[in-house]
1. Among the residues in region 26-44, are any more than 25 Å from TYR444 (Cα to Cα), out of contact with any helix residue (DSSP H, G or I) (no Cβ under 6 Å at 6 or more places or on another chain) and modelled with pLDDT of 95 or more?
2. Among the residues of region 79-107, count how many are in a helix (DSSP H, G or I), touching a Phe, Trp or Tyr at 6+ places or on another chain (Cβ under 7 Å) and not hydroxyl-bearing (Ser, Thr, Tyr).
3. Checking LEU168 against (1) more than 29 Å from ALA381 (Cα to Cα); (2) not in a helix (DSSP H, G or I), which test does it fail?
4. Counting just the residues of region 142-160 that are of a type outside the set (S, T, N, Q) and part of a loop (DSSP other than H, G, I, E, B), which one comes out surrounded by the most Cβ atoms within 10 Å (Cβ to Cβ)?
5. Go over the candidates GLY308, GLY345, GLY329 one by one and state the one that is in contact with an Asp or Glu (Cβ under 8 Å, 6 or more places away or on another chain) and surrounded by 22 or more Cβ atoms within 10 Å (Cβ to Cβ).
6. Among the residues of region 226-242, what is the count of those that are in a helix (DSSP H, G or I) and away from the ligand (no atom under 16 Å from the Cβ)?
7. I'd like to know if region 161-177 contains one or more residues that are within 16 Å of the ligand (Cβ to nearest atom) and crowded, with 20+ Cβ neighbours inside 10 Å.
8. Would you point out which residue out of ASN273, ASN198 is touching a strand residue (DSSP E or B) at 6+ places or on another chain (Cβ under 9 Å) and at pLDDT below 95?
Amino acid sequence: MNQYHAEPYKIKMVEPIKKTTKKERKTLLKNAGYNPFSLRSKDVYIDLLTDSGTGAMSQEQWGALMRGDEAYAGSHSFYRLESVVKHITQYDYFIPSHQGRGAEQVVLPEFVTHDDMVFISNTHFDTTRAHVEIAGATAIDCATPEAFDTSTYHPFKGNFDTQKLKKLIETHGKENVAGVILTITNNSAGGQPVSLKNLKATAQIAMDNNIPVIIDGARFSENAYFIKTREEGYADSDILDIARETFALADVFLMSAKKDGLVNMGGIIAINNDETLYKNVRSRLVPMEGFPTYGGMIGRDIDALAVGLKEGMDVDYLAHRIDQVRYLGDQLRHAGIPIQYPTGGHAVFVDCKAFAPHIPYHQFPAQSVVNELYLESGVRAVEIGSLLLGRDPKTNETVDTPLQFMRLTIPRRTYTQNHMDVVAEGVKRVYSKREQLKGLTFEYEPPVLRHFTATLKYVE
Ligand code: F0G
């Protein structure tokens, strides 16, 4: 019996990809400053940099593009997407934005009413953290301790630490907590899910303290699938019902639609009940993202999203999606390679602190593994560790973290199981010579979001 759910689709159009030689990749990587962000995609065989906007659209989505209404105001496309978003969330208001960070930049400042406010999240995604800080507040992460123990099984490593949350609210004073942000799934902790039990407990604490609850739900459907398959009492529930139970806990839903929306670009803001907040966000949106019925999106993309949101909740699609990630994770685990276990929704996170313990955090062990994987097999992964975290604003030192990950991020409906085998073989080859891996240091370090454009060199 096949242990993994196969693809519930067949392939109608293909995009050629090309292998390079190891010799070519040596030069290409050197020219990219030992930072794969600077590689051209044509020089990458299998691109696992991100699952954001990199998936394949369905025939229904391509068909929907033809219906796109490019009216500046009040387009059909807007109303079609609005009805889908309202159907799923059961919220009163919907506003599109060009992508997730577009939604963050117009919504988060609304909650910052005075100095010294904080947002508390299970883990803020980097752009969410950046927009919290731009709004003049501080972002505090409050992940469950299990998230940091990569090798021990826990079904919901994305959870909030609710005890810590209570203490944080007490320490900062409830009037200084601008919002509690539920990130589902918890990307930075390994694409790990959050249980409904934990979401409910967290929302209750926020409600008891009059603190707004915001869902950062880029991968809400994947989270719902994990609840269905791992949480007691939900095996017979539909993904839609689980999603609705989740949305019922919050005041606002922000979504980078480039993930579970199955589109290449787009974002969603949905607001429950609060008309004043809706009007304020709408006003802020106009100068930043555009008129409220397009919000930085193109009419045809809005239509593709209206279809993609529903497809993203299809249980057969999700079963295969989550299993493809698990399949890659299993290949690595069976070879003794340390990963965040169990695998999460959108990626396999390789624990590079354990993979290359001889490289200290400030020499970026995960970046060293990422580079070697590209050299070995032409696969592009991404570092999620101290290189990405940057420097502490107070001490100016590179931030240390126990989570030094190489993220192998799987685009949706894009690669086959054979591709996963190529990736696994590559990682195994790097693992077999892990003692020879060297640390890295900066040749050029940009002042903000340094990982994107930094150039690096090896420490001799
Ligand atoms: N929130 C989460 C949880 C995300 O993972 C992302 C993006 C965003 C917000 C921002 O959305 O990119 O549409 O502006 N994550 C991508 C990634 C970039 O690679 O994990 P965006």
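1. No, region 26-44 contains no residue that is more than 25 Å from TYR444 (Cα to Cα), out of contact with any helix residue (DSSP H, G or I) (no Cβ under 6 Å at 6 or more places or on another chain) and modelled with pLDDT of 95 or more.
2. Here the count works out to 3.
3. (2)
4. The residue in question is GLY158.
5. Residue meeting the stated conditions: GLY345.
6. Here is the first cut: in region 226-242, the ones in a helix (DSSP H, G or I) are 226-230, 239-242.
Add one more test, that the residue is away from the ligand (no atom under 16 Å from the Cβ), and what stays is 227-230, 239-242.
Final tally of qualifying residues: 8.
7. No, every residue in region 161-177 fails to be within 16 Å of the ligand (Cβ to nearest atom) and crowded, with 20+ Cβ neighbours inside 10 Å.
8. On the way: ASN198 fails: at pLDDT below 95.
From the options ASN273, ASN198, the qualifying one is ASN273.
The values are calculated or read from the model by the stated rules, or taken from the named source; none is laboratory data. Predicted model only: the values in this text are computed from it and were never measured. Backbone-built Cβ (ideal geometry, glycine too); neighbour counts: all protein chains shown.
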